[in-house]
1. In cubic angstrom, how much convex hull volume per residue do the alpha carbon atoms of the stretch 147-233 span?
2. Counting other Cβ atoms within 10 Å of each Cβ, which chymotrypsin sites (Phe, Trp or Tyr not before Pro) in the stretch 58-113 have at most 15 and sit in a DSSP loop?
3. Given a 1.4 Å probe and heavy atoms of the protein chains only, how would you sort I263, I49, largest accessible area at the top?
4. Average the reciprocal distances over every distinct pair of alpha-carbons in the chain, invert the result, and give the Kirkwood radius in Å.
5. In whole Hz, with x marking every Gly and Pro, tabulate ³J(HN,Hα) for the stretch 7-22 from phi via Karplus 6.51 cos²θ - 1.76 cosθ + 1.60, θ = phi - 60°.
6. Calculate, axis by axis, the spread of Cα positions in the stretch 207-253 along the three principal axes, and write the results as whole Å, longest axis first.
7. For G175, which sequence-distant residues (separation of 5 or more, or a different chain) have an amide H within less than 5 Å of its own amide H, given hydrogens modelled in the peptide plane?
8. Rounded to the nearest 5, what is the percent of antiparallel bridges among the DSSP beta bridges in the chain?
Amino acid sequence: MRYFGAHVSASGGVENAPLNAAKIGANAFALFVKNQRQWSAKPLTQENIQNFKQNCQIAKINPKHILPHDSYLINLGHYDEAKREQSFEAFMDEIKRVEQLGLSLLNFHPGSHLNQIDEKTCLKLIAECMNNAIKQSQNVKLVIENTAGQGSNLGYKFEHLAFLIDLIDDKSRVGVCLDTCHTFAAGYDLRDQRAYQKTMGEFDSIVGYEFLSAMHLNDTKFGLGSKKDRHESLGKGHLGIEAFKCIVNDEHTQGIPLVLETIDESIWADEIALLRSLQG
């Protein structure tokens, strides 16, 4: 079975996210568990937590198909030790919130070298933070999102993802979220069956399908290898519908959250219906 959703609003409290997902016919969703553009936020209350869990039941969405996304401010590969520690503390706060909500995944962008250190050094710092986070938490899988390769962001090569995973002590606690816009922007083609099979075969040989824990389904405003992270509605960008038909008929995408981050939330219900129609 496929689990489709979108990154829905948690405005007014995290407990509203499951109900927002239900409104668009989703059986999966993503959310921010705190304000993604602030370092700190008020702790979750018992009421927040209880209502979130209750609303997930009302929406008939299993917690394992919910993909929390961490703050955009966090950079686990920061060259400055104090700023990296600030990021790590914020990361641990996100993990704690995910644990409190009874969820099992946390999607995050790996980090950026900011043109101050080399890629390998930066990746090692990220892995060190990940290992420390795993030791200080339980059950939550750290799901690395591939990036488009904008600026000094790492994670745009499959080799970056594999390098990080190789350094993680407990590999049961690490996964990957492939974003279709980011994948295409980084130079990996997905536009037809042949291109899709080539790219995903490369992913499997370098990273491994066993680590694929989620996907973000987004079309893109720019062409192959643009290194520009600009999402578009499904079928209205350079990827086209065929790419998404390949994804929803790939046996390896069964059972994981497939989440829209497309630009027009008013048509998310239509896009979810479209994805379901492409199956088979």
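1. Working: hull volume 7.6 nm³, N = 87.
Convex hull of Cα atoms, per residue: 87 Å³.
2. Working: sites: Y72, Y79, F88, F91, F108; in loops: Y72, Y79.
When the chymotrypsin sites (Phe, Trp or Tyr not before Pro) of the stretch 58-113 are filtered for loop state and at most 15 Cβ neighbours within 10 Å, Y72 remain.
3. Numbers: I263 95, I49 10 Å².
Sorted by accessible area, descending: I263, I49.
4. Numbers: mean 1/r = 0.0533 Å⁻¹.
Hydrodynamic radius (Kirkwood, Cα only) of the chain equals 18.7 Å.
5. Rounded to whole hertz, the list is 7, 8, 6, 10, 4, x, x, 4, 5, 7, 4, x, 5, 5, 5, 4.
6. Principal-axis extents of the stretch 207-253 (Cα, largest first): 30, 21, 14 Å.
7. So G175 has HN proximity to L142, V143, I144.
8. Values: 4 of 31 bridges.
The antiparallel proportion sits near 15 percent.
The values are calculated or read from the model by the stated rules, or taken from the named source; none is laboratory data. Every value quoted in this text rests on a predicted model; they were computed, and no experiment measured them. Cβ sites come from the backbone with ideal geometry, for glycine too, and all protein chains shown count toward neighbours. Areas reflect the complete protein model, heavy atoms only, side chains present, ligands, DNA and RNA absent. Shrake-Rupley method; radii C 1.70, N 1.55, O 1.52, S 1.80 Å.
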